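Data first, discussion second: the structure below is written as structure tokens.
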Amino acid sequence: FTSVRASKQNKDILVEWKVENELNIHHYDVEKSANGRSFSKVGEQQARGTGTGSYQYSWLDKNAWDGDNYYRIRSVGINSEAKQSQVVKVNMGKLPSSITIFPNPVREDGMLYVNLDNKAAGTYQVKLLNAKGQTVMLKTLNHAGGSSVYSILMDKLVVHGNYLVSITGEDNNNFTFKVVF
């Protein structure tokens, strides 16, 4: 999974996900929860991929609940092997938006996740700054609005140490996080 997002569509919620190198995947289950812990299957999409390349899928929840709606995608392989995506949340009420990053410290695999929760659509610049304030990595996230989790693979040249992650949206609001690699 390269991204999973969910966004309000009037009274419904649109769940979208992208995958890379879809090999030996039979289908995707859309799972939903009210508490973020106990999920049940609410939808299914057949896999279209035959190997390399990017594929995008979507599913519309026409039964959105008041309050929090949590979603995750479960890929089911032709050999019944299953893998789960990150969890995304949409609140149908009026909760404030937020940006978070995890894990911190970053694991050995070098993957950093950026969670945009109930954020406006637009581009978000993600900068990794070293202790001297120099930009060592710059990524752009094209956010369709709502809630999404984006995975960013850190450059192999990033050495262990303390860094700042700066995320700036089109509204020029800046969110800064201390992170350890």
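Rundown of residues vs (1) under 15 Å from the mean Cα position of the chain (by Cα); (2) within 21 Å of GLU20 (Cβ to Cβ), yes/no style:
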{"position": "GLY93", "(1), (2)": "no, no"}
{"position": "SER98", "(1), (2)": "yes, no"}
{"position": "LYS127", "(1), (2)": "no, no"}
{"position": "HIS143", "(1), (2)": "yes, yes"}
{"position": "VAL149", "(1), (2)": "yes, yes"}
{"position": "ASP155", "(1), (2)": "no, yes"}
{"position": "HIS160", "(1), (2)": "no, no"}
{"position": "TYR163", "(1), (2)": "no, no"}
TODO: Output the number of residues of region 69-88 satisfying the condition of being under 14 Å from ARG5 (Cα atoms) and open to solvent by less than 50 Å² (accessible area, probe 1.4 Å).
DONE: 7
Task: Pick from region 59-68, criterion in contact with a strand residue (DSSP E or B) (Cβ under 8 Å, 6 or more places away or on another chain) and closer than 17 Å to SER147 by Cβ, ranking: most open to solvent (accessible area, probe 1.4 Å) - done: LEU60
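Having 2 or more residues that are of a type in the set (Gly, Ala, Ser) and in contact (Cβ under 8 Å) with a residue 40 or more places away in the chain is the bar; report the strands (runs of 3 or more DSSP E) wholly within region 19-73 that clear it. Give the steps one after another, and end with the answer.
Numbers: elements: 25-33, 40-46, 51-61.
Counting at least 2 such residues, we get 51-61.
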Open item on the list: Looking at (1) more than 18 Å from the chain's Cα centre (by Cα); (2) open to solvent by 70 Å² or more (accessible area, probe 1.4 Å), which one does GLN56 not meet, given that it meets all the others?
Closed with: (1)
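Which of the strands (runs of 3 or more DSSP E) found entirely inside region 122-181 contain at least 1 residues meeting this: surrounded by 14 or more Cβ atoms within 10 Å (Cβ to Cβ) and modelled with pLDDT under 90? It would help to see each step written out before you state the result.
Numbers: elements: 122-129, 135-143, 146-153, 162-168, 174-180.
Fully inside region 122-181 and qualifying: 146-153.
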Task: Qualifying residues in region 89-121 (those that are among the charged types (D, E, K, R) and open to solvent by 30 Å² or more (accessible area, probe 1.4 Å)) - the one nearest to SER33 (Cα to Cα) - done: LYS89
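The values are calculated or read from the model by the stated rules, or taken from the named source; none is laboratory data. Here the structure is a predicted model, which means the values were calculated and not measured. Cβ: placed from backbone, ideal geometry, glycine included. Neighbour counts: every protein chain shown. Please note that ligands, DNA and RNA were not included when accessible areas were found on the heavy atoms of the full protein model with its side chains. Shrake-Rupley method; radii C 1.70, N 1.55, O 1.52, S 1.80 Å.
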